[in-house]
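S.K.: Got a structure for you, written out below as structure tokens; questions coming shortly.
The values are calculated or read from the model by the stated rules, or taken from the named source; none is laboratory data. In this text the structure is predicted, and so the values were computed from the model without any measurement. In this analysis, Cβ positions are derived from the backbone assuming ideal geometry, glycine residues included, and neighbour counts consider all displayed protein chains.
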Amino acid sequence: MMRSTLCLITLLSCAVASPVFASPAELDALVKSVREEALREAAHNQERLERFIDARDQRNDLLKQARATLARENKRADSLRKQYETNEQTLTQNELDLKEQAGDLNDLFAIVRQTALNADGVMDTSLVAAENTERSVFMKEIGKGERTPSIEQIKLLWTAVLTEIAESGKVVSFDATVIKPQGDEARQKVTRVGVFTSVSEGAFLRYLPESGKLVELSRQPAPRFQRMALDLEAAKDGIVPMALDPSKGAILSLMVQSPDLKERLQQGGGIGYLILALGAIGLLIVLQRALGLFLSRRRIEAQAKSETPNEKNALGRMQATAQKMTATNIDAVVLRMDEQLAEESALLNRGLPTVAVLAAVSPLLGLLGTVTGMIETFQSITLFGTGDPKLMSGGISQALVTTQLGLAVAIPLVMFHSMLTGRANRLIEKLGKYGSDIVTTRELD
């Protein structure tokens, strides 16, 4: 429309500027066209104005509606705020009334929750859980739930505790998955003795709460306990003796970790084996000398009853020496008998000084092992610190085991040495008396 108006204005300007070239008919047509265009433009502007007025009225109506809605919602918000404050006061008062009326029930519910948590910990690690791992799930809900425990939950807790007590006095057989020491799993028949011990095919088992499975101990108790387990599994009725672990598996677990005799000897290292070798040598010497002194005493006693000298025993050799002497000087005879007695004493005491040396060296070697082990321990502390005790256990084990071995070897060797020395001295005293009798008889002759 703006563009057509501009065109008309341009034409009029041209017509006014050049009146000589336009005819009256053309001017009339131009005027008529301009009037029609003006009328159309006026009608169009009126229509636009009416639309603008209608849009303004609609927006005013919407604004009034929004203001009315806002006022209505503000009023409703004020009402709800007052209702909230009233409900808050009512709720606070109800809570105070509930606490006042509950009295000791709150303490009771706290005890129930604590009991549920304690019972859940016991039942999760109990051997009975190997049969049913889901039996104590509801206890976590009671112990850690925010709602007050219901009567039904308290009854379930009471029933579960009574069931656990009852199962502690039963011997039950059931099928379960058993993990072998090699790591493979097998479905086997398991016999459970209360909540203390479980066995399968004569082997003692340990329950793993993390996996809910039973694992066979890599190191079993003494054979007599395994025979008890086999007898229990084979029994149908009656009373069968059985070894129980009152700690519910703790003792068996410690037994698996504790080293046996072979491992303890290995902890002693080379010094430990050297001590054992010296102890074995000393024991062989003790046995040989004990047998030799016993036979010498028997032969001396037999020779004392005989008049014919036998040079296979000490007294016989002394008698033969006296008979071979042709000297008449009694001093020479006494001197020769003393020499013979000294020779026999040396034979009787043969090996005993070695036993004494071994008895003295063994604790010294044990002390050497102690020092070596402590040096190794301090080296581990220097390198790795004191954070992990396992790094220091090797040196400490060597220090203690070698000391123990040294004392274990030295004490019996000292006792045996003292005993054998006493026997040898008694035989030497007898030989001295017999030698005096020989000299006296020779002097009288």
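S.K.: Can you spot a residue in the range 223-236 that is in contact with a Pro (Cβ under 7 Å, 6 or more places away or on another chain), aromatic (Phe, Trp, Tyr) and at pLDDT 80 or above?
M.R.: No, every residue in the range 223-236 fails to be in contact with a Pro (Cβ under 7 Å, 6 or more places away or on another chain), aromatic (Phe, Trp, Tyr) and at pLDDT 80 or above.
S.K.: In the range 203-229, which residue that is in contact with a helix residue (DSSP H, G or I) (Cβ under 8 Å, 6 or more places away or on another chain) and part of a loop (DSSP other than H, G, I, E, B) is nearest to ASP245 (Cα to Cα)?
M.R.: PRO221
S.K.: A further question follows. So the check is Cβ under 7 Å with 6+ separation or different chains; which pairs have a first residue in the range 371-388 that's under 27 Å from GLY406 (Cβ atoms) and a second one that's at pLDDT below 70 and of a type in the set (Gly, Ala, Ser)?
M.R.: GLY373/GLY395; MET374/GLY395; GLU376/GLY394; GLU376/GLY395; THR377/GLY395; SER380/GLY395
S.K.: Name the residue, out of ASP78, ASP97, ASP107, ASP57, that is surrounded by fewer than 11 Cβ atoms within 10 Å (Cβ to Cβ), under 48 Å from the mean Cα position of the chain (by Cα) and not assigned by TED's automatic domain parsing to the domain that holds VAL195.
M.R.: Being surrounded by fewer than 11 Cβ atoms within 10 Å (Cβ to Cβ), under 48 Å from the mean Cα position of the chain (by Cα) and not assigned by TED's automatic domain parsing to the domain that holds VAL195 holds for just one of ASP78, ASP97, ASP107, ASP57, which is ASP107.
S.K.: What number of residues within the range 277-309 are touching a residue at least 40 places away in the same chain (Cβ under 8 Å) and over 60 Å from the mean Cα position of the chain (by Cα)?
M.R.: 4
S.K.: Right, next: Would you call LEU368 at pLDDT 70 or above and closer than 24 Å to GLN288 by Cβ?
M.R.: So LEU368 does not fit the description; no.
The rows are residues; the columns are (1) loosely packed, with under 13 Cβ neighbours inside 10 Å; (2) at pLDDT 85 or above; (3) under 30 Å from LEU105 (Cβ atoms); (4) not assigned by TED's automatic domain parsing to the domain that holds ALA119.
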{"site": "SER150", "(1), (2), (3), (4)": "yes, no, yes, no"}
{"site": "ALA160", "(1), (2), (3), (4)": "no, no, yes, no"}
{"site": "VAL178", "(1), (2), (3), (4)": "no, yes, no, yes"}
{"site": "VAL193", "(1), (2), (3), (4)": "no, yes, no, yes"}
{"site": "SER211", "(1), (2), (3), (4)": "yes, no, no, yes"}
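S.K.: I'm told GLU131 meets every condition in (1) under 25 Å from MET228 (Cβ atoms); (2) in contact with a Ser or Thr (Cβ under 9 Å, 6 or more places away or on another chain) except one. Can you identify the failing condition by its number?
M.R.: Against the list (1) under 25 Å from MET228 (Cβ atoms); (2) in contact with a Ser or Thr (Cβ under 9 Å, 6 or more places away or on another chain), GLU131 comes up short only on (2).
S.K.: Only one of ALA68, ALA42 is at pLDDT 90 or above, outside the structural domain of LYS155 (by TED's automatic domain parsing) and more than 30 Å from LYS155 (Cα to Cα). Can you tell me which?
M.R.: Sole residue among the options that is at pLDDT 90 or above, outside the structural domain of LYS155 (by TED's automatic domain parsing) and more than 30 Å from LYS155 (Cα to Cα): ALA68.
S.K.: Ok, one more. Can you tell me which residues in the range 157-184 are in contact with a strand residue (DSSP E or B) (Cβ under 8 Å, 6 or more places away or on another chain) and β-branched (Val, Ile, Thr)?
M.R.: Correct list: VAL171, VAL172, THR177, VAL178, ILE179.
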